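The values are calculated or read from the model by the stated rules, or taken from the named source; none is laboratory data. If you're wondering where the values come from, they're calculated on a predicted model, not measured in any experiment. Positions of Cβ are backbone-derived with ideal geometry, glycine not excepted, and every protein chain shown enters the neighbour counts. Each accessible area value is taken on the protein alone, full model and side chains, heavy atoms only, with ligands, DNA and RNA left out. Shrake-Rupley method; radii C 1.70, N 1.55, O 1.52, S 1.80 Å.
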Amino acid sequence: MKSKKKLRKFFKSLRIRLIIAFVILGVLPGIALRIGLIKGYENRAVATRSIDIRSQAKILSDQIANNGYLEDCSIESINSRLELICNIYDGRILVIDNTFHIIKDTYDLDTSKIIISEEVATSFQGQESNKYDRVNNYIQQTMPIRDVDTQEILGVLLVSVSTDTVHAAVDYLQNIALIIQIVTSILTVVCAILLANSLSHPFRKMTKSIEEIQIGYGEDVLHIDDFAETEEISENINALLKNMKVLDESRQEFVSNVSHELKTPLTSMKVLADSLIAQEGAPVELYQEFMTDIASEIERENKIITDLLSLVKMDKAADSMNISSVNVNELLELIMKRLMPIAETQHIELVLESFRPVSAELDETKMSLALTNLIENAIKYNDKTDGWVHVSLNADHQYFYVKVEDNGVGIPEESLDHIYERFYRVDKSHSREIGGTGLGLALTRNVILMHRGAIKAFSTEGEGTIFTVRIPLKYITA
Ligand SMILES: Nc1ncnc2c1ncn2[C@@H]1O[C@H](COP(=O)(O)OP(=O)(O)OP(=O)(O)O)[C@@H](O)[C@H]1O
Ligand SMILES: [Mg+2]
């Protein structure tokens, strides 16, 4: 099983596949060419010899008929001609009369015997025949002997010639071609290995570099610029590595922020408790004051943990949305009502302006959390004596829009990009005094994105801030 897997992996390797491809491309055409050329040569040689034999047989048959050789086979001129042709072509000639008797055999083996063969029989019917016997290496030609005047068939001439010379030439050619083929095949295999090695080299280099990066050795960037393609892959992997680094750093920063934020209230409580313990017989008023401070620190710790839990929950389960049709006008009115007491203590004028009735598919609890934070921020970060917060609600056929505008402290331009980060606060000491943990806008943005909406902030430091939110009226599932 394991060896099967190994074998499969072996054949999957780019290098092996390239070698196989190059070898097939280099060797197979050579084999085909060799076989084709030799076969072609053989056919051509046999055809040329057949034509020669036929014309010689034709001339001979005419001479035999003209000289009455069939009646008297001792005619010297014909006999010597027969011998000559047999010597030239390494063959045998039989002269057969109309009784199927062999009257002349140049081999002197079958003279005066009767011959019955299909070719001879067809020749007596006026047709000549030509046959090439590849196995026994000969060409056989039959030719009717006709009377010059009457065209009557008087006999048949049967000529068989050996093709040994053709075969010897074919064998010789085959040997030479085979040697050339073996040499070129070896060269092809060597070239294929070299070429495949050089083509697959960048990929092996890349695998090795990635392995080194994984175990922590080597550089943490790839430079495989052998081909444009590998250069592109390296660049993409480098970008990925960079992203992972950023992600890792932000995770580490988040963990350290969380521990810091959770520790701060604990430190305050410890200081308060320690100083009470240290003062023997401290007055009840002091106890009460310190205990009130401790209680507010506990509340703060509780808020951080609750916010963190909501954030984690949202990160983990995007499908945890509890969607229902919500009257957004009523939702905003309720939020304003809840926030009114805080606004009043800070002497902030809180106004809601609804341009039309809006009903949308929302997770009411989450959306309420998000909008509450926006309006709460607008109230909290406002130290003006004539402070105001204007909230407006509008809609078109696709989206509803909430705008939260204040004339508060504003957000410096360089901080605008960071306000959605967890624990980010523009002025840490001031925000802490107000009770902020810097998780609110992270939560708000998450909720808005889960509703496939968008949030934008515009601000001028010292003058005020505008947050605009756009949410689709119909909930879009992922
Ligand atoms: N309307 C605003 N005006 C001025 N600054 C703002 C406003 N809204 C947000 N900010 C700044 O952005 C920071 C992040 O806001 P966010 O709501 O995330 O945190 P927070 O209000 O400090 O704490 P939390 O909302 O978790 O109680 C705030 O600390 C504040 O500095
Ligand atoms: Mg907030």
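Peptides 167-180, 242-255, 194-207: what's the order by average Cβ count within 10 Å, highest mean first?
Result, highest mean Cβ count within 10 Å first: 194-207, 167-180, 242-255.
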Output the relative contact order of the chain, whole-number percent, from Cα pairs under 8 angstrom with separation of 6+ residues.
10
Round to a whole angstrom and tell me the spacing of the C-alpha centers of the stretch 127-150 and the stretch 289-306.
122
How far apart, in nm, are the 7 Å Cα→Cβ label points at M244 and S198?
3.3
Rounding to the nearest 10 and keeping the result within 0 to 90°, find how far the Cα-based axis of helix 328-345 lies from the longest principal axis of the chain.
40
Only helices counted: for the chain, with every DSSP H run of 4 or more residues adding -39500 (n - 2.57) and the sum spread over all residues, [θ] at 222 nm is -20500 deg cm²/dmol
FRET efficiency, E231 to I31 (Cβ-Cβ, R0 60 Å, nearest 0.05):
0.95
Computed over the stretch 221-315, the relative contact order (Cα-Cα under 8 Å, seq sep at least six) in percent reads 22
Pairing the Cα long axis of helix 164-215 with the longest principal axis of the chain, what angle in degrees results, from 0 to 90 and rounded to the nearest 10?
10
What is the distance in Å between the Cα centres of the stretch 45-117 and the stretch 3-28?
62
Pick out, from L37, S13, N329, the residue whose Cα sits farthest towards the positive end of the charge dipole of the chain, with +1 on the Cβ of Lys and Arg and -1 on the Cβ of Asp and Glu.
L37
Computed label-point distance, nm, for sites Q151 and I51 using a 7 Å Cα→Cβ extension
2.6
The FRET efficiency for F100 and N66, from their Cβ-Cβ distance with R0 = 30 Å and rounded to 0.05, is 0.85
Projected area averaged over orientations for the chain, convex hull of C-alpha atoms, nm²:
49.6
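What do you get for Rg/Rh of the stretch 15-169 when both radii come from the Cα atoms and Rh is the Kirkwood radius?
That ratio equals 1.23.
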Between beta-carbons, use under 13 Å as the cut-off and find the net charge around I210, counting Lys and Arg +1, Asp and Glu -1.
-1
Can you sort L262, L84 by 1.4 Å-probe accessible area, starting with the largest?
L84, L262
Looking at the chain, send over the antiparallel percent of its DSSP beta bridges, to the nearest 5.
90
What is the extension gain from Q288 to S325, computed as 0.36 nm multiplied by their sequence separation minus the C-alpha to C-alpha distance, in nm to one decimal?
8.6 nm
Only sites in a loop by DSSP and with at most 12 other Cβ atoms within 10 Å count here; which chymotrypsin sites (Phe, Trp or Tyr not before Pro) in the stretch 92-138 make the cut?
Y107
With +1 on the Cβ of every Lys and Arg and -1 on the Cβ of every Asp and Glu, and nothing else charged, how large is the dipole of the chain about its Cα centre, in debye rounded to the nearest 20?
1280
Rounding to the nearest 20 debye, state how big the charge dipole of the stretch 79-171 is about its Cα centre with +1 on each Lys and Arg Cβ and -1 on each Asp and Glu Cβ.
40
Using alpha-carbon coordinates, inclination of helix 364-380 to the longest axis of the chain, degrees:
50
The stretch 317-472 - percent relative contact order, Cα under 8 Å, separation 6 or more
23
How much length is gained if the chain between D396 and I179 is pulled fully straight, taking 0.36 nm per residue apart and subtracting their Cα-Cα distance, in nm to one decimal?
69.6 nm
Report the antiparallel proportion of the DSSP beta bridges in the stretch 317-411 as a percent, rounded to a multiple of 5.
65
Gain upon complete extension [R17, I115; 0.36 nm per residue less C-alpha separation]
28.9 nm
Above-threshold pairs, the threshold being 22 Å between Cα atoms, out of K303/K428; K263/K303; K270/K380; K270/K303; K380/K403:
K270/K380
